[in-house]
Structure formats: structure tokens, C-alpha cells
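The values are calculated or read from the model by the stated rules, or taken from the named source; none is laboratory data. What you are looking at is a predicted structure, and each value in this text was computed from that prediction instead of being measured. So basically every Cβ, Gly included, is an ideal-geometry build from the backbone, and we count neighbours across all protein chains shown.
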Amino acid sequence: MKYIFFIAFIFSILSISAQDLPAYKIYNANGKEVTFKSMVKSANAAQTVLFGEFHDNPITHWLQLELTQQMFAAHGNNLQLGFEMFEQDQQGILSAYLSGTIPSEKLKDTLRLWPNYATDYAPLVEFAKEKGLSCVASNIQRKYASLLFKKGRAALDTLPEAIKQQMTPLNFAFDTTLSQYQDMKKMGAHMGPGMGWRMVEAQAIKDATMAHFILHNPWRQSKTVHLHFNGAYHSDFYQGIMWYLAHEVATLKVLTISTVSQENIQKLEKEHLGRADFIICVPSNMTATH
């Protein structure tokens, strides 16, 4: 009888386990499952962390806030945040809001906030405001990346100098051999002769601009760690922003985080190996924030 009860107990445990639905798993570049704690430890040892996200994934945004809090606990006001989601011309308004000189209403009315700002990025900005952290609006204005795509790099030469100061120097390097850029070229090839590379160069100026303002912003010299939030494609496979950072400062200690989705997250699929130092794997049917 005891044996029967024991078997029944074991089956009940297995049944509960089978019904468990983990929201994410974290893997290293080699596909080994690791803990959030180990990711935090590695992030705290870096000088720059590129957190590649899915813009509409709630798990990613929750982990971004958790990582920010953990890194603040380790570095205090030596921590700086950077955002692809804010463009360089928005820096003044963003800084004014963080310093408390303008109300949140003006922030919402003045800045081109993403549709999911309130749920996904406001918690990071509000944490920075509460703790007195600087935030960098690192991205180029979308309309100028679009101008490059439509008319080529020479079209940017005619812009006012004040606008040029809001982007990477226009002689920025452009490595056409990078696999991410090669893939994008193929996607854009149907748009006409030469348009594939034009699309890639429009992507590259975003990567180069974000790297530029990660390295060159008014507060960088007084900060020891920069935590940057960007779409995963901008830093996957140690390319994009990462390539531009290494191109300018080869000795910079950079850690990358990426996000991927799979139907089954129990094992990292081969295509994601080497995508980043840490890879957050979320279910493909996870609810989106927008």
C-alpha cells in the first residue's frame, strides 16, 4: 500500500512539473543554460553592455529593468543608460526631464515616444530619474537615415552643421562583409539595383551613430559602465553597434545580450549559437506589448 501511495506521489510531482510553463531561459554563446545571476555578474565586469531586445517582448523589458537595478546596486551613479528609442535631437528634453526641470506632460508632448513607451521604457527612465542616472539618446533621427537610403550618403553633406553633430561623422566606416549586413542586402535586393546596399548603409549609420554617442556623450568620462538598450539586430553576432565600438576602441570591454524566440525553449537552437554572450530565449507565442 505504501508503495502504491509513493508511486501516486511521484506521478503527481511529474504531472505538476509537466504543466510548468517557464517564461524564459538564458543561455551563453555556446548554448549552455545559465542563470540571471551569472549574467548580472558578467555585465558588472564590462564597461559597456549592449542589451539586444525584441521591442514588443514583455520578458525582455522586465529583465532589462531587473538588470538595471542590479547594475545600479553594484555601480551606483557610475552607471549610465543609453537608448536606441530616443534620437539625438531629443537629448535636451530627455535630460531636462531627468533633472526635474520639465513635467512628464511636456516629455510626452514633445518627444516622439514609441507606442510602447509607457509599459516598456518609462520604467527604465523613471528609475534613472529617481536615482540620478544620465540617459543618452543615442540614435540618429529616422528621417536622416531615410534620406541616406533614398539619396545616398552625399545627400547628408548638405545638412546644417548642427544636424550633423547629432549623428556619427559622415565618413563612418562601412564593412560590407558583415553577415548581418549581407542578410539585409538580400532582403532589400528586390527594391532595385543598388538599393540593397543603400538599405544596409541606412542601417549602418544607425549602428555607427549609436556607437558614437555611447562613446562620446557629455557624461561618459565620469561613468564607468554604459548599459545600452537596442533592437537585437543592432548587436547580434557581435556586429552592428559592437563592430563600431571595437573599431574605435579595441580595448573596450563590451558584453552583448540578445533575445530570441523558439517554440520550445528547453534547448537553444543551432542558429542562435554565438549570437551574443548571453541569449534570452522566450516562447514564440509570448504575448506582445504592442
Completion exercise
If you go through Met195, Met187, Met242, the only one that is of a type outside the set (Asp, Glu) and buried (at least 18 other Cβ atoms within 10 Å of the Cβ) is Met242
Exercise for the section: List the number of the failed condition for Glu271; all other conditions in (1) among the acidic types (Asp, Glu); (2) under 20 Å from the mean Cα position of the chain (by Cα); (3) surrounded by 13 or more Cβ atoms within 10 Å (Cβ to Cβ) hold. Expected result: (3)
Practice task
Please determine, by comparing only the residues of the stretch 94-115 that are at pLDDT 95 or above and buried (at least 16 other Cβ atoms within 10 Å of the Cβ), which one is farthest from Trp219 (Cα to Cα).
Solution key: Tyr97
Practice task
Hey, can you tell me all the residues within the stretch 20-62 that are in a helix (DSSP H, G or I) and closer than 18 Å to Ala73 by Cα?
Solution key: Phe36, Lys37, Ser38, Met39, Val40, Lys41, Ser42, Ala43, Asn44, Trp62
Practice task
Please verify whether the stretch 222-232 includes one or more residues that are among the hydroxyl-bearing types (Ser, Thr, Tyr), surrounded by fewer than 20 Cβ atoms within 10 Å (Cβ to Cβ) and over 23 Å from Gln80 (Cβ atoms).
Solution key: no
Exercise for the section: Would you tally the residues in the stretch 274-285 being in a loop (DSSP other than H, G, I, E, B) and either surrounded by 13 or more Cβ atoms within 10 Å (Cβ to Cβ) or of a type in the set (Ser, Thr, Tyr) (or both)? Expected result: 5
Exercise for the section: Name, by its number, the condition in (1) closer than 23 Å to Gln64 by Cβ; (2) at pLDDT 95 or above; (3) not in a strand (DSSP E or B) that does not hold for Thr256. Expected result: (3)
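Return the residues of the stretch 76-109 that are of a type in the set (S, T, N, Q) and over 22 Å from the mean Cα position of the chain (by Cα); say none if nothing qualifies. Break it down stepwise before answering.
First, the residues of the stretch 76-109 that are of a type in the set (S, T, N, Q): 77-78, 80, 88, 90-91, 95, 99, 101, 104.
Result: Ser99, Thr101, Ser104.
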Problem - the stretch 245-266, residues that are surrounded by fewer than 20 Cβ atoms within 10 Å (Cβ to Cβ) and among the small types (Gly, Ala, Ser) - result: Ala246, Ala250, Ser261
Completion exercise
Looking across the stretch 259-273 at residues that are in contact with a Cys (Cβ under 8 Å, 6 or more places away or on another chain) and assigned to a loop (DSSP other than H, G, I, E, B), the single one that is nearest to Glu66 (Cα to Cα) is Ile265
Exercise for the section: Restricting attention to helices (runs of 4 or more DSSP H) lying wholly within the stretch 145-230, give those where 1 or more residues are modelled with pLDDT of 95 or more and within 30 Å of Phe72 (Cα to Cα). Expected result: 195-215
Handout entry: Pairs, first at positive phi in the stretch 92-117, second at pLDDT 95 or above, C-beta under 8 Å, six or more apart
Key = Gly100/Lys129
